[in-house]
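To start, the structure under review is shown below, and the notes come after it.
The values are calculated or read from the model by the stated rules, or taken from the named source; none is laboratory data. Remember, it's a predicted structure, so these values are computed and weren't measured experimentally. Positions of Cβ are generated from backbone atoms using ideal geometry, with glycine treated the same way; all protein chains shown enter the neighbour counts. We work out accessible area using only protein heavy atoms, side chains counted, and drop any ligands, DNA or RNA first. Shrake-Rupley method; radii C 1.70, N 1.55, O 1.52, S 1.80 Å.
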Amino acid sequence: MRNRTGWPGRRAGRVALVAAMTCAAVTGAMTGVASAGGPGPEHGPGHGPGGSGRVVSTDRGAVRGTVATGMREFLGIPYAAAPVGNLRWRPPQPHARWSGVRDATRFAPHCAQPATPFGAASTSEDCLFLNVFAPAGRTAHRSGHTPVMVWIHGGALVTGESDDYDPSRLVAQGTVVVTINYRLGALGFLAHPALSAETADGASGDYGLMDQQAALRWVQRNIDRFGGDRHNVTIFGESAGGLSVHSQLASPLAAGLFDKAIVESGAYNLAQDSLATAQSQGSDFATRAGCAAQTAACLRALPVSTILANEGTGYTPDVDGRVLPRTVLDALSTGQFNRVPVVEGSNHDEWRLFVAQTELTTGAPLTAAGYPAAIAATLGVPLPVATAIAGQYPLSAFPSPSLALSTLGTDAIFACSSRASAQLLSRWVPTFQYEFADENAPMLFLPPVSFPTGAYHASELQYLFTLPAGVPNPGLDADQRRLSRAMVASWTHFARTGTPSVRGDVWPRFGTSDRFTALRPPTPAPGTGFAGDHQCAFWGAP
């Protein structure tokens, strides 16, 4: 299985809060396709709420999964109808009922996305599937009382899939984990005047967010049948998945669908585009794709390959007035969001992954002469502004231009935005900030480059999930495995209770003091000085 990593999409704006990049985590090639049909329903142990067997009845029909040591797996369960034909660029619709028992032993197709150097492409629009991983046997909690964690993958909202996140460590701690696919790229986030004209409220875009909400509604209807507690649901995601979590916090349509939230490296874009701006970008896309007439019929007739070839490298939700009536920044600032406890975090060296990708693409490290232009490209600012910013991050303070740019990008796009988000959230809800800071985190995605990659973007995921590795690496050492166990315990304890503090491992609530939890081997520890370390006053998040 190959892995896939996203890459940043950039646009101008207030650097600390609006720089629009994402990339994400690790996603990989499809491992199979779920199929319907099969023999009639099986009765007996496990056929019902909280059972420990292979067959479970959902509101659309029965599914047959597999039972392994300590875990039951149900893969490729449809949570909505295929968004094809006239359903393209419409809210997700209910899936038809099926008779018999649907096979749920293989992953279903992931959503359409372009080929990248990091993995296989997909042209499937029939991709609205989820996977359920539940404790089995003696590890299962009492029926209907097991906390539920719903994972939203990253990937710049243009790439990624649910398949590559093995949550067995989280399940072993007594949680039910659901991983989901959702529409990506133009198919998931295109706004266009012709699409807006079809709706009563004049909105378009944000279909991928609506997919996530449809999956959460499926959880509310069905998760008790797998032993989960629909009244104790935590959504969590990384990068674009973290942005999605922020968006669901801000969306009134998601009210009551979850009870807690964990944001991993997802605060990079707190101020979304207006509907007018998104529609203008959508009209440009239609022209590139060959729909000069700018009609919905032409857009729906486009082949998937044409859409993928013309959609660009990054998307962001838009303030459509329906899914998002206001930006995430405005929602958090005014308290007009779904008020649940939140864990908000980032990694100490996020941007090193992207500088490493650039070095591998160009075949050479960043030079001193190229440093100002690289800042301008990273932040989407004019060269004179970039030159002024370079004075705040002088090359003389770093071992190499690559590490200077990495530090600047981390601070501007991820770290200080994460702190700003925690500041806003903490006014309204219990908030816990962390920083993942293992400077020796194994690199899973790229061959060696001229500088150490440190606690790079997405590096924390291997401490929570079992992931496929694209390059040889040593794996976690003894101290890193100890940190992994502590992180899994904190994530699952938060899902169960609303606090990530476990035993003597105390996470401070975010407040007026600069206190956070530093995640570095061998165990988490209280940290201070985050704002100073990342020069957040300079970036507008003191």
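Quick notes on this one:
- Unique match (being of a type in the set (D, E, K, R) and in contact with a His (Cβ under 7 Å, 6 or more places away or on another chain)) among Glu439, Glu435: Glu435
- Which listed residue, of Thr31, Thr5, Thr116, Thr22, is closer than 30 Å to Pro447 by Cβ, polar (S, T, N, Q), out of contact with any Gly (no Cβ under 9 Å at 6 or more places or on another chain) and at pLDDT below 75: Thr31
- When residues in region 359-371 are screened for being surrounded by fewer than 19 Cβ atoms within 10 Å (Cβ to Cβ), of a type outside the set (D, E, K, R) and assigned to a helix (DSSP H, G or I), 3 of them pass.
- Residue match in region 452-472 (condition: under 25 Å from the mean Cα position of the chain (by Cα), of a type in the set (D, E, K, R) and farther than 22 Å from Val171 by Cβ): no
- Residue within region 423-439 that is in a loop (DSSP other than H, G, I, E, B), aromatic (Phe, Trp, Tyr) and under 20 Å from Val342 (Cα atoms) present: yes
- Output for region 494-525, where each listed residue is assigned to a helix (DSSP H, G or I) and free of Cβ contacts under 8 Å to residues at least 60 places away in the same chain: Thr497
- Residue satisfying all of: in region 460-483; at pLDDT below 95 and among the hydrophobic types (A, V, I, L, M, F, W, C); farthest from Val449 (Cα to Cα) among these: Leu467
- Evaluation of Ser418 against (1) surrounded by fewer than 23 Cβ atoms within 10 Å (Cβ to Cβ); (2) under 24 Å from Thr234 (Cα atoms) (one fails), failing number: (1)
- Residue within region 372-395 that is under 20 Å from the mean Cα position of the chain (by Cα), more than 21 Å from Thr334 (Cβ to Cβ) and assigned to a helix (DSSP H, G or I) present: no
- Within region 291-309, if we keep just the residues that are open to solvent by less than 60 Å² (accessible area, probe 1.4 Å) and touching a Ser or Thr at 6+ places or on another chain (Cβ under 7 Å), the residue that is nearest to Trp351 (Cα to Cα) turns out to be Val304.
- Candidate set: region 264-286, residues that are within 25 Å of Pro303 (Cα to Cα) and open to solvent by less than 20 Å² (accessible area, probe 1.4 Å); chosen: the one farthest from the chain's Cα centre (by Cα): Ala286
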